[in-house]
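Chemist: What follows is a single structure, and I will ask about it in a moment.
The numbers here are math on the coordinates, done by the rules we state, and not lab data. Remember, it's a predicted structure, so these values are computed and weren't measured experimentally. Cβ: placed from backbone, ideal geometry, glycine included. Neighbour counts: every protein chain shown.
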Amino acid sequence: MENGKDNQTLFPIFEIPVKMGIAHKKQSIQDWITQQWVIAFGNEIDEINHKWLLGPFGATNGIGNKFIKQLAEKEHLVINNHKPDKGIIESIDQLNLSSNEINALSQDVIDFYENTSNYDLKLKVKWNPLFKGLGFLVRIIFSKRIEQLNVPIQNLEDSSGLTNEIIQLLDSKTDEVKRTIWLRALKSTGQVVYSGVYETCTIPSGKTCIKAIFPLPNGNATVILTPKIGKNGELILESAGQKIGDSGFYFLLQDSKGQLWTKFIKSFRDKLIVRSENDRVTATQTLTLWNLRVLKFEYEIKKTRQGIKYITL
């Protein structure tokens, strides 16, 4: 001892061993490595304090269409095969915008979000050449195998058609919508570009956001987007937070002991602008890493059918 201090105080590095989770062993090595990276450099979370962040996790045998059936069985829900006019969200009111914001927001944009299934989508993709190699690696190592995030590697200067399917999972007793899945695949190849669960959440600041959950093996990639209204009535959704609890991009997973982990990727940002001009809805989505543009999506959104009007007697 020296000056009343023992060796444990002098050398605090020896006080408590570092706690480290272990990812599930029975899976592909590339998934195990990425999950262990999230554990090593991320944060432990729990179901009580991070309920706003949590969402469905994928299995290890692929995502794509398999995930929808697996999720329905796991949560004891039924797949809605009869309700028309299905939207990413059921009502724009779920975003808790002010009355001034709602009045300023384009009615065409509102209709797209509330009745997404009534629209046809076409896509253009433009890569930053600096990141094209990274996109190729992600596609080869992960995307094809797990049937998720199959972003075209070649620039699509001409519009390529996308399937646009909204799948709702309902409570079998009440018919209440419990989960909404937006499935988009390239019409030319059938490859799933995105298969995501969409819902709203309230982040710790009290702001209501749109949450897009993309299932991955034993976890998911979650993007939380803060909404605001542009001066021309466009809806601007942006993930640009600085820390856990903000909007942004998160990896989530469950380790072999059942502990939950997340890694917040502050350097990766997503900005989506949905606008209506001359009765034509378009959207531009820009993904950036370290403030550099990675790629840009341009969507042409065309209404193909009118919604069904219900009369209450």
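Chemist: Subtract the Cα-Cα distance of Thr60 and Ile79 from 0.36 nm times their separation in residues, and report this length gain in nm to one decimal.
Modeler: Difference between extended and current length: 4.7 nm.
Chemist: Amide H to amide H, which residues 5 or more places from Asp120 or on other chains are under 5 Å from it, using H placed in the peptide plane?
Modeler: Close amide H contacts, sequence-distant or interchain: Lys302, Lys303, Thr304.
Chemist: Provide the gained length on full extension for the span Asp171 to Gln107, in nm with one decimal, where the gain is 0.36 nm per separating residue minus the Cα-Cα distance.
Modeler: Roughly 20.1 nm would be gained on extension.
Chemist: Modelling each spin label as a point 7 Å along the Cα-to-Cβ direction, I'd like the Thr189/Lys228 distance in nm, to one decimal.
Modeler: Taking the simple label geometry, Thr189 and Lys228 are separated by 3.6 nm.
Chemist: Sticking with this one: Along region 182-199, what does the Karplus equation 6.51 cos²θ - 1.76 cosθ + 1.60 (θ = phi - 60°) give for ³J(HN,Hα), rounded to whole Hz, x for Gly and Pro?
Modeler: 9, 10, 10, 9, 6, 4, 6, 10, x, 6, 6, 7, 9, 10, x, 8, 10, 7
Chemist: What ranking do 204-216, 263-275 get when scored by the average of other Cβ atoms within 10 Å per residue, highest first?
Modeler: Those peptides, ordered most packed to least, come out 204-216, 263-275.
Chemist: So, one more: With +1 on each Lys and Arg Cβ and -1 on each Asp and Glu Cβ, and nothing else charged, work out how big the dipole of region 45-303 is about its Cα centre, in Debye to the nearest 20.
Modeler: 960 debye
Chemist: What nm value, rounded to one decimal, do you get for the distance between Ser205 and Glu47 when each label is placed 7 Å out toward the C-beta?
Modeler: Distance between the two pseudo-spin positions: 2.9 nm.
Chemist: Read phi for every residue in region 277-290 and hand back ³J(HN,Hα) as whole Hz from Karplus 6.51 cos²θ - 1.76 cosθ + 1.60, θ = phi - 60°, with x for Gly and Pro.
Modeler: 9, 6, 6, 10, 8, 9, 9, 10, 10, 10, 9, 10, 9, 6
Chemist: Moving on to the next point. Using θ = phi - 60° and the Karplus curve 6.51 cos²θ - 1.76 cosθ + 1.60, what whole-Hz ³J(HN,Hα) does each residue of region 239-245 get, with Gly and Pro shown as x?
Modeler: Each residue's phi maps through the Karplus curve to give 10, 8, x, 10, 7, 4, x Hz.
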